[in-house]
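The values are calculated or read from the model by the stated rules, or taken from the named source; none is laboratory data. Given the structure is predicted, the values throughout are model-derived calculations rather than measurements. All Cβ positions, even for glycine, are placed from backbone atoms using ideal geometry, and neighbour counts span all protein chains on display. Accessible surface areas use protein heavy atoms only, side chains included; no ligands, DNA or RNA. Shrake-Rupley method; radii C 1.70, N 1.55, O 1.52, S 1.80 Å.
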Amino acid sequence: MSWASAEDIYLSTSLANYLDKKILVLLRDGRKLLGILRSFDQFANAVLEGACERLIVGDIYCDMPLGLYVIRGENVVLIGELDLDKDELPPHMTRVSVPEIRRAQKAEREASDLKGTMRKRMEFLDMD
(Lines give C-alpha, C1' and ligand atoms only; values in the text may rest on other atoms or scores of the structure.)
Protein backbone atom coordinates (compact mmCIF):
# COMPACT_ATOMS: atom_id res chain seq x y z
CA MET A 1 0.00 0.00 0.00
CA SER A 2 1.42 3.40 -0.94
CA TRP A 3 0.59 6.63 0.83
CA ALA A 4 -0.15 9.85 -1.01
CA SER A 5 1.66 12.96 0.12
CA ALA A 6 -0.27 15.98 1.39
CA GLU A 7 0.62 17.75 -1.86
CA ASP A 8 -0.85 14.89 -3.94
CA ILE A 9 -4.05 14.91 -1.89
CA TYR A 10 -4.40 18.70 -2.22
CA LEU A 11 -3.84 18.56 -6.00
CA SER A 12 -6.37 15.76 -6.40
CA THR A 13 -9.06 17.44 -4.35
CA SER A 14 -8.58 20.82 -5.99
CA LEU A 15 -8.83 19.35 -9.50
CA ALA A 16 -11.85 17.31 -8.43
CA ASN A 17 -13.72 20.60 -8.07
CA TYR A 18 -13.30 21.12 -11.85
CA LEU A 19 -14.56 17.69 -12.98
CA ASP A 20 -17.24 17.99 -15.68
CA LYS A 21 -16.69 21.77 -15.90
CA LYS A 22 -15.30 23.89 -18.70
CA ILE A 23 -11.72 24.84 -17.90
CA LEU A 24 -8.80 26.75 -19.37
CA VAL A 25 -5.37 25.11 -19.24
CA LEU A 26 -2.21 27.16 -19.84
CA LEU A 27 0.74 25.02 -20.94
CA ARG A 28 4.48 25.66 -20.52
CA ASP A 29 4.89 26.34 -24.24
CA GLY A 30 2.28 29.12 -24.03
CA ARG A 31 -0.61 27.23 -25.61
CA LYS A 32 -4.06 27.79 -24.17
CA LEU A 33 -6.48 24.84 -24.20
CA LEU A 34 -10.17 24.90 -23.35
CA GLY A 35 -12.45 21.94 -22.73
CA ILE A 36 -14.50 19.92 -20.27
CA LEU A 37 -12.32 18.21 -17.63
CA ARG A 38 -13.32 14.54 -17.67
CA SER A 39 -10.45 12.88 -15.80
CA PHE A 40 -7.14 13.58 -14.03
CA ASP A 41 -4.57 11.87 -11.83
CA GLN A 42 -2.18 12.80 -9.02
CA PHE A 43 0.37 14.11 -11.56
CA ALA A 44 -2.14 16.60 -13.03
CA ASN A 45 -2.34 14.54 -16.23
CA ALA A 46 -5.77 15.50 -17.54
CA VAL A 47 -8.31 14.49 -20.16
CA LEU A 48 -10.33 17.23 -21.84
CA GLU A 49 -13.46 16.48 -23.84
CA GLY A 50 -14.41 18.83 -26.66
CA ALA A 51 -11.01 20.47 -26.35
CA CYS A 52 -9.85 23.34 -28.51
CA GLU A 53 -6.68 25.40 -28.68
CA ARG A 54 -7.28 29.13 -28.46
CA LEU A 55 -4.97 30.96 -30.84
CA ILE A 56 -4.69 34.73 -30.31
CA VAL A 57 -2.88 37.24 -32.52
CA GLY A 58 -3.43 40.88 -31.63
CA ASP A 59 -7.20 41.48 -31.54
CA ILE A 60 -8.20 38.32 -33.40
CA TYR A 61 -8.60 34.77 -32.17
CA CYS A 62 -9.60 31.30 -33.29
CA ASP A 63 -10.58 28.18 -31.35
CA MET A 64 -9.03 25.25 -33.22
CA PRO A 65 -10.94 22.02 -32.39
CA LEU A 66 -8.87 19.17 -30.96
CA GLY A 67 -11.58 16.75 -29.76
CA LEU A 68 -10.69 14.42 -26.89
CA TYR A 69 -7.29 15.57 -25.64
CA VAL A 70 -4.83 14.18 -23.09
CA ILE A 71 -2.53 16.67 -21.34
CA ARG A 72 0.65 15.59 -19.62
CA GLY A 73 0.72 17.12 -16.15
CA GLU A 74 4.33 18.29 -16.30
CA ASN A 75 3.35 20.70 -19.08
CA VAL A 76 0.57 22.39 -17.10
CA VAL A 77 1.25 25.87 -15.73
CA LEU A 78 -2.28 26.86 -14.77
CA ILE A 79 -5.75 25.34 -14.68
CA GLY A 80 -8.85 27.40 -14.05
CA GLU A 81 -12.61 27.11 -14.41
CA LEU A 82 -14.31 29.30 -17.00
CA ASP A 83 -17.36 31.24 -15.88
CA LEU A 84 -20.02 30.33 -18.43
CA ASP A 85 -22.12 33.38 -17.46
CA LYS A 86 -19.41 35.84 -18.51
CA ASP A 87 -17.79 36.54 -21.87
CA GLU A 88 -14.48 34.68 -22.14
CA LEU A 89 -12.82 37.48 -24.12
CA PRO A 90 -13.01 41.28 -24.21
CA PRO A 91 -15.58 42.68 -26.68
CA HIS A 92 -12.91 44.09 -29.03
CA MET A 93 -11.67 40.58 -29.88
CA THR A 94 -12.82 39.20 -33.25
CA ARG A 95 -13.25 35.50 -34.02
CA VAL A 96 -11.69 34.39 -37.33
CA SER A 97 -11.22 31.13 -39.25
CA VAL A 98 -8.24 28.79 -38.88
CA PRO A 99 -6.66 29.90 -42.21
CA GLU A 100 -6.99 33.57 -41.18
CA ILE A 101 -5.33 33.03 -37.79
CA ARG A 102 -2.54 31.00 -39.45
CA ARG A 103 -1.86 33.92 -41.85
CA ALA A 104 -1.82 36.32 -38.90
CA GLN A 105 0.58 34.05 -36.97
CA LYS A 106 2.89 33.88 -39.98
CA ALA A 107 2.87 37.68 -40.37
CA GLU A 108 3.55 38.09 -36.63
CA ARG A 109 6.47 35.62 -36.83
CA GLU A 110 7.94 37.38 -39.86
CA ALA A 111 7.66 40.78 -38.16
CA SER A 112 9.37 39.37 -35.06
CA ASP A 113 12.15 37.84 -37.18
CA LEU A 114 12.67 41.15 -38.98
CA LYS A 115 12.83 42.99 -35.66
CA GLY A 116 15.49 40.53 -34.43
CA THR A 117 17.51 40.97 -37.63
CA MET A 118 17.35 44.76 -37.33
CA ARG A 119 18.43 44.59 -33.68
CA LYS A 120 21.49 42.50 -34.63
CA ARG A 121 22.43 45.06 -37.30
CA MET A 122 22.09 47.88 -34.79
CA GLU A 123 24.26 46.04 -32.26
CA PHE A 124 26.92 45.68 -34.94
CA LEU A 125 26.93 49.45 -35.46
CA ASP A 126 27.02 50.18 -31.74
CA MET A 127 30.70 50.68 -30.93
CA ASP A 128 30.87 51.51 -27.24
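Points to keep in mind about this one:
- Test for V47: is it modelled with pLDDT of 95 or more and either open to solvent by 80 Å² or more (accessible area, probe 1.4 Å) or touching a helix residue (DSSP H, G or I) at 6+ places or on another chain (Cβ under 6 Å) (or both): no
- Residue match in region 28-38 (condition: acidic (D, E), exposed (fewer than 15 other Cβ atoms within 10 Å of the Cβ), at negative phi and modelled with pLDDT of 90 or more): yes
- Residue among D20, D113 that alone is modelled with pLDDT under 90 and open to solvent by 90 Å² or more (accessible area, probe 1.4 Å): D113
- Some residue of region 81-97 being surrounded by 14 or more Cβ atoms within 10 Å (Cβ to Cβ), out of contact with any strand residue (DSSP E or B) (no Cβ under 6 Å at 6 or more places or on another chain) and of a type in the set (V, I, T): no
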